[in-house]
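Colleague: Before I ask anything, let me first share the structure, which is written out below as structure tokens.
The values are calculated or read from the model by the stated rules, or taken from the named source; none is laboratory data. Computed from a prediction, not measured in an experiment: that's the story for all the values here. Note that we place each Cβ from the backbone using ideal geometry, even for glycine, and neighbour counts take in every protein chain shown. The accessibility values were calculated without ligands, DNA or RNA, using every heavy atom of the protein model including side chains. Shrake-Rupley method; radii C 1.70, N 1.55, O 1.52, S 1.80 Å.
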Amino acid sequence: MMKKLGTTNISIAPLGMGSGFTDSELKDPQNIIDALSFGIDQGMNVIDTGENYGGGVCEELIGRAIRGQRDQGQLPRSVWLMPKLNDGNIKSD
């Protein structure tokens, strides 16, 4: 069952997948591609990715998994904000 995302016209599945794969998982990238492909085949249409996930390797694997199906899903991107220590308080710019 798809759900409308806020006030947009975007419909998303209730479950998605993150792509913060561990180093040991990245040793066998085909397993990751297979897992992503399986999820897509089951109706998953949200895969979260970010600049700090595997130094870009995770995004390449997602690209391989969704090849030919990109228009069927959403790719939210996490942004890593480095905290800044200022007068003993942690702040994010």
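Colleague: Select from the range 8-24 the residues that are in a loop (DSSP other than H, G, I, E, B), of a type in the set (A, V, I, L, M) and either in contact with a Cys (Cβ under 9 Å, 6 or more places away or on another chain) or free of Cβ contacts under 8 Å to residues at least 60 places away in the same chain (or both) and list them in ascending order.
Modeller: To start, the set of residues in the range 8-24 that are in a loop (DSSP other than H, G, I, E, B) comprises 8-10, 13-16, 19-22.
Now narrow it down to the ones that are of a type in the set (A, V, I, L, M): 10, 13, 15.
A13, L15, listed by residue number.
For (1) under 15 Å from the mean Cα position of the chain (by Cα); (2) at pLDDT 85 or above, each residue gets a yes or a no:
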{"residue": "L5", "(1), (2)": "no, no"}
{"residue": "P14", "(1), (2)": "yes, yes"}
{"residue": "S19", "(1), (2)": "yes, no"}
{"residue": "T22", "(1), (2)": "yes, no"}
{"residue": "Q30", "(1), (2)": "no, yes"}
{"residue": "I33", "(1), (2)": "yes, yes"}
{"residue": "D48", "(1), (2)": "yes, no"}
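Colleague: Step by step: first the residues of the range 25-47, then only those that are open to solvent by less than 40 Å² (accessible area, probe 1.4 Å) and not in a helix (DSSP H, G or I), then the one that is nearest to G68 (Cα to Cα). Which residue is that?
Modeller: Top of the filtered list is N45.
Colleague: Taking the stated definitions as given, is M17 within 16 Å of E59 (Cβ to Cβ) and open to solvent by less than 60 Å² (accessible area, probe 1.4 Å)?
Modeller: Judged against the criteria, M17 is a match.
Colleague: Does G54 satisfy the condition of being of a type in the set (G, A, S) and either modelled with pLDDT under 85 or open to solvent by 50 Å² or more (accessible area, probe 1.4 Å) (or both)? Walk me through how you get there before you give the answer.
Modeller: Values: of a type in the set (G, A, S): yes; either modelled with pLDDT under 85 or open to solvent by 50 Å² or more (accessible area, probe 1.4 Å) (or both): yes.
Yes: the conditions hold for G54.
Colleague: Follow-up. Which of (1) more than 12 Å from the chain's Cα centre (by Cα); (2) modelled with pLDDT of 85 or more does M82 not meet, given it meets every other one?
Modeller: (2)
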